[in-house]
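Right, one structure below, let's go through it.
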Amino acid sequence: MWLWALLPAGLAAFGTVGIWAVFAMAVYNGTVNLTQGFPSISHCGAYPPQRCFLSQICSTCSVLALWTVALRFKQVRDQGVHRNANVAGLILGLISSLGISIVGSFQVTTFYSIHLLGAFLAFFLGLAYFWIQLFLTLPSPDRWWVGPARATCCFLCTGLIIARILQYTGFPSAAAACEWAFAMLIFCLFGLFAAEFRHIDSCQLTEQNPVVMDDPVAAETYDDVSHELS
């Protein structure tokens, strides 16, 4: 069902437009001064009114990311490949999604330590999550480009994370630019799921009947009936 592809595509589009809207508001109201250097995402969203928008954007992206991570986990699980890696990816994805919410809720000017924790969870664990997704990428004739595109984004993100240390070597504007580029690539990585989610036919939750499951004969009959009803 191609409608599932709208979930990661919508996350990527909403997040990209949202944080650039925060940047535009910060420049417009003079909260940041481009003549003094290029600002980071955190500093653009540190003051009202844009910090309210950043909080809502991050909270929405966090929910969409959680949904995407869970759906991707189920998709890979149904393919029956690399179970342990898939579980590890789920855990990292859930934690990094929580980090996105923390970044938006605790501004850098008021809760610096908590904001840094959220950024670490969102950026570093998020990148680790996508490296695992690269490992879990299965080749397909109609989406052969997904693997190379995902690998390119992961390598670029890793390089940008390393370049982020420029903030501590006297080049804060360059470090901020790396942060923005990293965020854009992360949204691109989420968007790449659209190529794989469009092959999902359905997403259902099933519940076992504990009474029936204790009886092997009844369990087999129950499965047959469930299959016929579905």
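The values are calculated or read from the model by the stated rules, or taken from the named source; none is laboratory data. Not measured: the values here are computed from a predicted model. Glycine gets a Cβ as well: all are built from the backbone with ideal geometry, and neighbour counts include every protein chain shown. Calculation scope for accessible area: heavy atoms of the full protein, side chains included, ligands and nucleic acids excluded. Shrake-Rupley method; radii C 1.70, N 1.55, O 1.52, S 1.80 Å.
Could you list, in sequence order, all residues of region 24-57 that are polar (S, T, N, Q), assigned to a loop (DSSP other than H, G, I, E, B) and buried (at least 18 other Cβ atoms within 10 Å of the Cβ)?
Those that are polar (S, T, N, Q), assigned to a loop (DSSP other than H, G, I, E, B) and buried (at least 18 other Cβ atoms within 10 Å of the Cβ): Thr31, Ser40.
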Residue list for region 65-103, restricted to those being free of Cβ contacts under 8 Å to residues at least 24 places away in the same chain, open to solvent by 50 Å² or more (accessible area, probe 1.4 Å) and farther than 21 Å from Ala5 by Cβ: Gly80, Arg83, Asn84, Val87, Ile91
Working only within region 112-170, note down all residues that are within 18 Å of Leu94 (Cα to Cα) and among the small types (Gly, Ala, Ser). Gly118, Ala119, Ala122, Gly126, Ala128
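Of the residues that make up region 145-162, is at least one in contact with a Gly (Cβ under 7 Å, 6 or more places away or on another chain) and under 21 Å from Thr68 (Cβ atoms)? Steps first, answer last, please.
First, pick out the residues of region 145-162 that are in contact with a Gly (Cβ under 7 Å, 6 or more places away or on another chain): none.
Looking for residues that are in contact with a Gly (Cβ under 7 Å, 6 or more places away or on another chain) and under 21 Å from Thr68 (Cβ atoms), one finds none in region 145-162, hence no.
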Exactly one of Leu134, Leu121 is open to solvent by less than 30 Å² (accessible area, probe 1.4 Å) and under 16 Å from the mean Cα position of the chain (by Cα), and that one is Leu121
Odd one out for Phe53 among (1) over 19 Å from Gly118 (Cα atoms); (2) modelled with pLDDT of 90 or more: (1)
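Are any of the residues in region 197-210 at pLDDT below 50, surrounded by fewer than 13 Cβ atoms within 10 Å (Cβ to Cβ) and assigned to a helix (DSSP H, G or I)? I'd like the intermediate steps shown before the answer.
Initially, region 197-210 is screened for residues at pLDDT below 50, giving 205-210.
Next, from what is left, pick out any that are surrounded by fewer than 13 Cβ atoms within 10 Å (Cβ to Cβ): 205-210.
The next check asks that each one be assigned to a helix (DSSP H, G or I); those that pass are 210.
Checking region 197-210: at least one residue is at pLDDT below 50, surrounded by fewer than 13 Cβ atoms within 10 Å (Cβ to Cβ) and assigned to a helix (DSSP H, G or I).
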Hey, Ser113 hits all of (1) in contact (Cβ under 8 Å) with a residue 12 or more places away in the chain; (2) surrounded by fewer than 21 Cβ atoms within 10 Å (Cβ to Cβ) but one; which does it fall short on? (1)
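Residue-by-condition table, conditions (1) part of a loop (DSSP other than H, G, I, E, B); (2) touching a helix residue (DSSP H, G or I) at 6+ places or on another chain (Cβ under 9 Å); (3) without any contact (Cβ under 8 Å) to a residue 40 or more places away in the chain:
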| site | (1), (2), (3) |
| --- | --- |
| Phe135 | no, yes, no |
| Ala151 | no, yes, yes |
| Phe155 | no, no, yes |
| Arg164 | no, yes, yes |
| Ala176 | no, yes, no |
| Ala181 | no, yes, yes |
| Leu185 | no, yes, yes |
| Phe193 | no, yes, no |
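Determine, yes or no, whether Phe106 is without any contact (Cβ under 8 Å) to a residue 24 or more places away in the chain, more than 22 Å from Phe73 (Cβ to Cβ) and crowded, with 17+ Cβ neighbours inside 10 Å.
Values: without any contact (Cβ under 8 Å) to a residue 24 or more places away in the chain: yes; more than 22 Å from Phe73 (Cβ to Cβ): yes; crowded, with 17+ Cβ neighbours inside 10 Å: yes.
Considered against the rule, which asks whether it is without any contact (Cβ under 8 Å) to a residue 24 or more places away in the chain, more than 22 Å from Phe73 (Cβ to Cβ) and crowded, with 17+ Cβ neighbours inside 10 Å, Phe106 comes out as yes.
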When region 1-22 is checked residue by residue, the ones that are touching a residue at least 40 places away in the same chain (Cβ under 8 Å) and either open to solvent by less than 40 Å² (accessible area, probe 1.4 Å) or among the β-branched types (Val, Ile, Thr) (or both) are Ala5, Leu7, Pro8, Gly10, Leu11, Ala12, Gly15, Thr16, Gly18, Ile19
